[in-house]
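Chemist: Have a look at this one before I ask anything.
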Amino acid sequence: MSTPLPPLPAFPPGFLWGASASAFQTEGAVDTEGKGPSGWDAFAAQGRIKDGADASRATGFHARYREDVALLAGLGADAFRFSVSWPRVVPGGSGPVNMAGLDFYDRLVDELCAHGIRPAPTLYHWDTPLQLDEAGGWLNRDTAARFAEYASAVAERLADRVPMWITINEPAEVTLLGYALGEHAPGKQLLFDALPAAHHQLLAHGLAVQALRAAGATNIGTAVSHSPVRTAGTSEEDRFGAELYDTITNWMFADPILTGRYPDENFAALMPGPVADDLDVISAPLDWYGVNYYQPMLVGAPSNEALGDFAGVGLPAELPFGVREIESEQRTDFGWSVEPDGLRELLVLLKDRFGDRLPPVYITENGCSYDGLDDRRRIDFLDGHLRSLHQAIDAGVDVRGYFTWSLTDNIEWVEGAAQRFGLVHIDYETLERTPKASYAWYRDAIAAQKSGH
């Protein structure tokens, strides 16, 4: 028998405990009630999901959301971070709103509220309407304007009951994996010519903040992926590679949002449109800032020894940096290193970099892929990261809440059903839900925090 872990230290009063999910990864029902196709639906239909998992069915959340809300209630969760599918609400990306699609999210929000769970919708979690993808997607400035219209439609329906909003999830991954490396939808391999996709997502974020506020929404933030970047080697080339990678993955998005500037003038000069005017929109003050954290990165000069990668994707030799594999005593089933202290390190780095410009922080994603119902390794992962998070709070970082990724197993993009991030196991044949040991641990940890023990 494994030794029980000691209780977590007490988090601040009112600290928010939650879990996360996204539409493409869970909903299924890809052509139900007028939903249009997304770029990811088309990508999956091309056979790009490695294990052949049926993303059109996913976990069946669209039909079984009440069951999953009951699981959230069983956890004692304060909030649920889900995403709204843009093509379910605006099937063509622009034009008429699909009221039946909005009705689904209306029912979901009501169900969450009925259980005392705060809805925290993300407006964009990678599922661009296919028509917009085919017209250039995030390379096209018009996509940002269409996103703001969609944000307005969602807020007009839901703002009276939604106390927390997230504009865009992980724009760095969309830019790098979708537009630079071609491993994710829409599958473009543009390398540094993908930079307009970064700028237009940032512009979409800023325009969406305006649209949300105009529709009466409050408590608005975003969800940006961050990793501490460590330099592999001591050469000038190693330092240059690590600094460039750090700039692209960490500061390309955070700096414009929080300071109104790009981190490097050379990158700013490569961005399309009236960049200075756009940055005024992009940097509209936020109520909070969301951080997605999984692991640190070790980066140096490109070389044959650069066997690491970006989010499971090999980097081409044309890039001026190489990602190495971090030596780690523990790895997830995805092969990612388990480095809990990286979360404290990252949060302190954000506070030091942005000072008063950094609003209150929520951890909008943190989790791990492990198989099995008796998932003690996931328990150890969550316990370690929450202790690290508490250390960051002790160091003066204003962290208000934590959303683990994810409530249930889901379709892990091109990895399909093989990588299991959930507190709840999904049988992909029957879609039966079975809580894992980590579900019980998280439930008990939340209960202990709320009881003051």
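Chemist: State to the nearest 20 debye the size of the charge dipole of region 322-453 about its Cα centre, where the only charges are +1 on K and R beta carbons and -1 on D and E beta carbons.
Modeler: 520 debye
Chemist: Let me ask you something else. Using the heavy atoms of the protein chains and a 1.4 angstrom probe, tell me the accessible area per residue for the chain in square angstrom.
Modeler: Solvent-accessible surface per residue comes out at 37 Å².
Chemist: For region 29-172, give me the percentage of DSSP beta bridges that are antiparallel, rounded to the nearest 5 percent. Write down the numbers at each step before the final one.
Modeler: Working: 1 of 8 bridges.
Expressed as a percentage, antiparallel bridges in region 29-172 total about 10.
Chemist: Still on this structure, I have one more. Relative contact order (percent) for the chain, with alpha-carbon contacts under 8 angstrom and 6 or more residues of separation?
Modeler: Values: 952 pairs, mean separation 79.0, N = 453.
Result for the chain is 17 percent.
Chemist: Using a 10 Å cut-off on Cβ atoms, rank the peptides 80-92, 106-118 from the highest mean neighbour count down.
Modeler: Values: 80-92: 25.6, 106-118: 16.8.
Sorting 80-92, 106-118 by mean packing, highest first, produces 80-92, 106-118.
Chemist: Now for a different question. Mind putting a number on the dipole of the chain about its Cα centre? Charges go on the C-beta only, +1 for Lys and Arg and -1 for Asp and Glu, and I need it in Debye to the nearest 20.
Modeler: That gives a dipole near 1080 debye.
Chemist: Under the rule a/c < 1.5 gives rounded, and otherwise a/b versus b/c splits prolate from oblate, where does region 334-453 land using the Cα gyration tensor?
Modeler: In terms of gyration-tensor shape, prolate.
Chemist: Same structure, new question: Peptides 361-370, 11-20: what's the order by average Cβ count within 10 Å, highest mean first?
Modeler: Result, highest mean Cβ count within 10 Å first: 361-370, 11-20.
Chemist: Additional query: Could you tell me which trypsin sites (Lys or Arg not before Pro) in region 217-299 are loop residues by DSSP with no more than 16 other beta carbons within 10 angstrom of their beta carbon?
Modeler: Loop-located and lightly packed - ARG261.
Chemist: Rounded to the nearest 5, what % of the DSSP beta bridges within the chain are antiparallel ones? Let's see the in-between values first.
Modeler: On the way: 9 of 40 bridges.
So the antiparallel bridges amount to about 20 percent of the total.
Chemist: Now for a separate question. Using a 1.4 Å probe on the protein heavy atoms only, what accessible surface does SER283 show? Give it in Å² to the nearest 10.
Modeler: Around 40 Å² of this residue is reachable by solvent.
Chemist: Placing +1 on the Cβ of each Lys and Arg and -1 on the Cβ of each Asp and Glu in region 18-99, which of ALA19, VAL84, SER94 has its Cα farthest towards the positive end of the resulting dipole?
Modeler: SER94
Chemist: A further question follows. Using a 1.4 angstrom probe on the protein heavy atoms only, could you order HIS390, HIS226 from most to least accessible area?
Modeler: I get HIS390, HIS226, largest accessible area first.
Chemist: Kindly point out which whole DSSP H helices in the chain project their C-alpha atoms 18 angstrom or further along the helix axis while averaging a Kyte-Doolittle hydropathy of 0.5 or above. Display every interim value, and only then the final one.
Modeler: Working: long enough: 61-75 (20 Å, 0.19); 99-114 (22 Å, 0.39); 142-158 (24 Å, -0.04); 195-214 (29 Å, 0.54); 341-354 (20 Å, 0.16); 376-394 (27 Å, -0.77); 437-451 (21 Å, -0.47).
Counting only whole DSSP H runs, the qualifying helices are 195-214.
Chemist: Using per-residue counts of other Cβ atoms within 10 Å, averaged over each peptide, order 168-176, 265-273 from highest down.
Modeler: 168-176, 265-273
The values are calculated or read from the model by the stated rules, or taken from the named source; none is laboratory data. These numbers were taken from a predicted model, which means no experiment stands behind them. Here the Cβ is made from the backbone with ideal geometry for all residues, glycine too, and neighbour counts use every protein chain on show. Just so you know, the surface numbers come from the protein's heavy atoms only, side chains and all, with ligands and any DNA or RNA stripped out. Shrake-Rupley method; radii C 1.70, N 1.55, O 1.52, S 1.80 Å.
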